[in-house]
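Notes for the one structure printed next.
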Amino acid sequence: MEYKDYYKILGVERDASQDEIKKRYRKLARDCHPDTCRNDPNAEKRFKEINEAYEVLRDPEKRQRYDALGSNWQEGQSFRPPPGFEHIFGSDPFAGRGRSGRTRSFSFGFGPGTSKAGGFSDFFESLFGDLGMAGHGEPGPSFTRGSDMETEVRISIEEAHTGTTRGIQLQGPGGVKRLNVKIPAGAHDGMKIRLASQGGPGAGGAGDLYLKVRVSSNGKYRLEGNDIIADLPVTPWDAALGTTKTIETPDGTFSLKVPAGISSGQRLRLKGRGLAHKGDFFAQIRIMVPKDLTSEEKRLFTELKKVSRFTA
């Protein structure tokens with residue numbers, strides 16, 4: 001059979017993705033359709049070649065056989081092995097079933113990129129790799145990968161802001177394993193960090209371990225998305241007259257100008273000082289009233305009440 005380079009027909013590279021193949025086919029099918037190329041006597045032949053190439057390359061299984069066997073890829077439907085072939089794969093090598101449960105049959109041939117000498121092993125691997133072949137070509141078991149596992153790690157808002165490292169211990173068949181896990185700056189509550197192959201053991205390899213981050217508030221700060229919030233206590237007279245206050249943030253201490261007439265619940269913003277500098281820092285005003293008044297304080301508050309025009 002004459003070898004047809006389906007990749008060349010479609011004008012794509014051999015490692016082209018399925019999306020690239022589909023986009024290229026649509027363009028060629030539109031540009032080379034016989035109805036749009038009526039003056040081209042080869043248009044119909046060209047159009048059939050394009051469809052033939054796409055029919056193979058669009059199907060991952062057909063494409064795999066084509067890459068291994070070239071134009072002979074369809075002959076795998078009726079392959080008869082040469083004498084002595086059964087000694088390699090058993091008395092009935094093609095009676096086995098693949099993972100899909102369907103009977104498998106293959107063509108024996110060497111297409112482009114497969115040599116009879118150096119590529120012999122790769123050729124059989126491409127055809128029989130999914131049958132679970134074990135040593136000496138005998139069918140082997142299908143190994144199951146270990147289960148994924150999950151655990152929690154708690155960090156403070158300050159640690160979430162700057163990033164931190166946590167040491168964890170894993171109990172395995174060989175004893176205790178200690179790992180240092182880097183938690184990135186900006187880690188949020190519920191974020192998961194994947195530790196590959198650190199989960200449950202399995203014959204097909206260990207599963208993954210997922211660390212779920214829990215960001216805990218110590219009462220000093222709280223989070224609203226990427227914004228950090230902290231209370232700023234203010235006396236009634238400072239709230240009425242205005243003042244300058246200092247407040248501590250995860251980035252250090254800052255001075256804030258408190259405007260006159262501010263009320264509880266209002267916020268003063270430090271732009272760009274939020275979690276990992278992705279949000280803002282807000283100082284929320286909290287007007288504090290003295291509980292135990294001296295006689296003089298009580299007299300002055302009483303006098304203020306008499307003369308003030310303010311009502312809540």
* Top-ranked residue in region 265-312 [being surrounded by 13 or more Cβ atoms within 10 Å (Cβ to Cβ) and polar (S, T, N, Q); ranked as farthest from the chain's Cα centre (by Cα)] -> GLN266
* Do you know which residues across region 230-257 are part of a helix (DSSP H, G or I) and surrounded by 13 or more Cβ atoms within 10 Å (Cβ to Cβ)? -> PRO236, ASP238, ALA239, ALA240
* To do: Could you check, for region 258-269, whether at least one of its residues is without any contact (Cβ under 8 Å) to a residue 60 or more places away in the chain, among the hydroxyl-bearing types (Ser, Thr, Tyr), in a strand (DSSP E or B) and outside the structural domain of THR164 (by TED's automatic domain parsing)?
  => no
* Show the residue pairs that are 6+ apart or on different chains and have beta-carbon atoms under 6 Å apart, the first residue being within region 215-235 and under 20 Å from ILE262 (Cβ atoms), the second being among the acidic types (Asp, Glu) and modelled with pLDDT of 95 or more. => ASP227/ASP280
* To do: Answer yes if at least one residue in region 175-192 is exposed (fewer than 11 other Cβ atoms within 10 Å of the Cβ), modelled with pLDDT under 90 and not in a strand (DSSP E or B), and no otherwise.
  => no
* Filter region 116-149 down to residues that are modelled with pLDDT of 85 or more and surrounded by 12 or more Cβ atoms within 10 Å (Cβ to Cβ) and give me whichever is nearest to SER216 (Cα to Cα). => MET149
* Structure fact -> Given (1) assigned to a loop (DSSP other than H, G, I, E, B); (2) surrounded by 15 or more Cβ atoms within 10 Å (Cβ to Cβ); (3) at pLDDT below 90; (4) not acidic (Asp, Glu), GLY200 misses just (2)
* Taking only region 207-229 into account, find how many residues are among the charged types (D, E, K, R), under 27 Å from the mean Cα position of the chain (by Cα) and assigned to a loop (DSSP other than H, G, I, E, B). => 1
* Asked: Do you know which of the residues in region 1-13 that are at pLDDT 90 or above and in a loop (DSSP other than H, G, I, E, B) is farthest from ASP67 (Cα to Cα)?
  -> GLY11
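Table: residues versus (1) free of Cβ contacts under 8 Å to residues at least 60 places away in the same chain; (2) in the same structural domain as GLY279 (by TED's automatic domain parsing); (3) within 21 Å of the chain's Cα centre (by Cα).
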| position | (1), (2), (3) |
| --- | --- |
| ILE155 | no, no, no |
| GLU159 | yes, no, no |
| GLY163 | no, no, yes |
| ARG166 | yes, no, no |
| ARG178 | yes, no, no |
| LYS182 | yes, no, yes |
| HIS188 | no, no, yes |
| ILE193 | yes, no, yes |
| GLY205 | no, no, yes |
* Structure fact -> Among the residues of region 17-53, the number that are without any contact (Cβ under 8 Å) to a residue 12 or more places away in the chain and assigned to a loop (DSSP other than H, G, I, E, B) is 9
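The values are calculated or read from the model by the stated rules, or taken from the named source; none is laboratory data. In this text, all values refer to a predicted model and were calculated from it rather than measured experimentally. When we count neighbours, we look across all protein chains shown, and the Cβ atoms used for this are built from the backbone with ideal geometry, even at glycine.
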